[in-house]
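Structure record follows, encoded as structure tokens.
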Amino acid sequence: EKFTPNAKAMVLNKTIEEACNEIPDASVRMIISSPPYNIGKAYERATDLETYLGWQTEVIERLVEKLDENGSICWQVGNYIKDKEVFPLDIYFYPIFKKLGLKLRNRIIWHFGHGLHAKTRFSGRYETLLWFTKGDDYVFNLDAVRVPSKYPGKRHYKGEKKGQPSGNPLGKNPSDVWEIIAQEWEKGMIDIPNVKANHPEKTEHPCQFPVELVERCVLALTDEDDLILDPFGGVGTTLLAGIRRKRRVICVDKEADYCRIAKQRLEMLLSGQLKVREIGTQVFKPKGTEKVSQVPIEWQQEKRA
């Protein structure tokens, strides 16, 4: 497809360079993506860290040109691993954005309870979402993403408002830690599982992130009908999150198969057939956990021996 200014949803099977040549400068309210982590997945070619960051710098420079003065960039990254050494990518990305004049508003920790089990270090269970803005007059709709207060009945104990409720009736600020918990109100943190085999949104993409993660950013950092761009669109997670919240979305990916899946998911969403984990849904708890939560008999015998 080609870029169409008034289109609600676009899936562009192009390189980022090709897409940026079509998108007008200063036209995008939010750019959000999870770029390749340089770890050798099917859609990327692993290279040395310096080369990878050089390529990412070129990409980000083009993207910043597309961002309007009140816009935001959300860059969700994990770690690059080489020879058992961990390189936290958010640390390397910060100076790239800063050099381009963007300002960091939050470094959000997305914590999840499941993933690959490490053998030579502690297992990684979080990734980071860097939220930068181009200017100071940016969109931030806190009320749209508040979570239930832990103590809604708390009241002011002195001053002019003594005896009045001290919280916000819409809930509390969710903070900069978005964590998997059974109920949001237990800690005031955001409950977002990563997309594994039993997740209702799972596709063939190996590093798919959940609609809910993007949807929180869409609600907080854009208004209805704003234009959102995902330059590493994958199977269309940002596309779905934006359309669900009445935004315009451009999903760009060089892999034709992923673009095909993104279009299929959009069609299913519009027809009411797509399964999406709703915001605030309790984390999935599989049935029959009584067996797997018990210590195996073999281990008990070994311990007695």
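The values are calculated or read from the model by the stated rules, or taken from the named source; none is laboratory data. Note that the coordinates shown come from a computational prediction; the quantities given were computed from them, not determined experimentally. Note: ideal-geometry Cβ built from the backbone for every residue, glycine included; neighbour counts use all protein chains shown. SASA here: full protein model, heavy atoms, side chains in, ligands and nucleic acids out. Shrake-Rupley method; radii C 1.70, N 1.55, O 1.52, S 1.80 Å.
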**Request:** For residue 50, work out the one condition from (1) closer than 15 Å to residue 221 by Cβ; (2) out of contact with any Asp or Glu (no Cβ under 6 Å at 6 or more places or on another chain); (3) open to solvent by 20 Å² or more (accessible area, probe 1.4 Å) it doesn't fulfil.
**Result:** (1)
**Request:** With a cut-off of at least 3 residues that are at pLDDT 90 or above and out of contact with any Gly (no Cβ under 9 Å at 6 or more places or on another chain), name the helices (runs of 4 or more DSSP H) lying wholly within segment 219-305.
**Result:** 237-244, 256-270
**Asked** Which residues, taken from segment 116-142, are of a type in the set (Asp, Glu) and surrounded by 13 or more Cβ atoms within 10 Å (Cβ to Cβ)?
**Response** 127
**Asked** Pairs, please: C-beta under 6 Å, at least 6 apart or cross-chain, first residue modelled with pLDDT of 95 or more and in segment 90-109, second surrounded by 13 or more Cβ atoms within 10 Å (Cβ to Cβ) and among the acidic types (Asp, Glu)?
**Response** 106/176
**Fill in**
Within segment 143-176, restricting to residues that are in contact (Cβ under 8 Å) with a residue 12 or more places away in the chain and at positive phi, the one that is surrounded by the fewest Cβ atoms within 10 Å (Cβ to Cβ) is 175
**Complete:** Within segment 99-113, residues assigned to a loop (DSSP other than H, G, I, E, B) and surrounded by fewer than 14 Cβ atoms within 10 Å (Cβ to Cβ) come out as 101, 113
**Prompt:** Within segment 248-270, how many residues turn out to be farther than 16 Å from residue 66 by Cα and in contact (Cβ under 8 Å) with a residue 60 or more places away in the chain?
**Reply:** 10
**Message:** Given (1) modelled with pLDDT under 95; (2) open to solvent by 30 Å² or more (accessible area, probe 1.4 Å); (3) closer than 24 Å to residue 102 by Cβ, identify the lone condition not met by residue 58.
**Reply:** (1)
**Message:** Can you tell me which residue is most open to solvent (accessible area, probe 1.4 Å) among those in segment 77-89 that are farther than 18 Å from residue 129 by Cα and in contact (Cβ under 8 Å) with a residue 12 or more places away in the chain?
**Reply:** 84
**Request:** Mind telling me which of the residues 1, 65, 69 ends up being over 23 Å from residue 127 (Cα atoms) and either in contact with a Pro (Cβ under 7 Å, 6 or more places away or on another chain) or assigned to a loop (DSSP other than H, G, I, E, B) (or both)?
**Result:** 1
**Asked** Scanning for something modelled with pLDDT of 90 or more and in contact with a Cys (Cβ under 8 Å, 6 or more places away or on another chain), does segment 114-130 turn up at least one residue?
**Response** yes
**Request:** Give segment 94-113 a look and list any residue that's in contact with a helix residue (DSSP H, G or I) (Cβ under 9 Å, 6 or more places away or on another chain) and farther than 9 Å from residue 130 by Cα, or say none.
**Result:** 96, 97, 99, 100, 101, 102, 103, 110
